[in-house]
Amino acid sequence: MKLFSLKNNSKSLNRIGLILGMLGVIILFLWGPPQPKFEKGIGIMVEDTTVINGKSAGEHDLTIEKRIKKHRLLSSLGLIFIFLGFAGQLGATCMKDENIKLVKGQVLKENE
């Protein structure tokens, strides 16, 4: 069985949509959806050279910023995959395949 075929465009588009949707769900399961920032309260201010847990405060901030960027990128990518998967499946249901059959020397469209 071929996964993708040029003859059945709607089936191939449906399969691509399902695969993108599943990848998006897996990514969201691992990374979670994008979260808004709800920061409340007052933190303790330290200088960038202050050492906490073996790292300076500046190094710690850079590590956290990298984690935030990675989380936003992957969670947004998961949502995009899910959206594209649904769009592909919707497009596949709206498409009309023009499969042609040969019956006793006559060319007939499958829908006839």
Ordered by packing density, taken as the mean number of other Cβ atoms within 10 Å over each peptide's residues, highest first, how do 19-27, 63-71 rank?
-> 19-27, 63-71
Using θ = phi - 60° and the Karplus curve 6.51 cos²θ - 1.76 cosθ + 1.60, what whole-Hz ³J(HN,Hα) does each residue of region 23-29 get, with Gly and Pro shown as x?
-> 4, x, 5, 4, 5, 5, 5
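Laboratory data are not the source of any read-out in this text; all were calculated from the coordinates shown. Please read these numbers as outputs of a predicted model, since none were measured by experiment. When we count neighbours, we look across all protein chains shown, and the Cβ atoms used for this are built from the backbone with ideal geometry, even at glycine.
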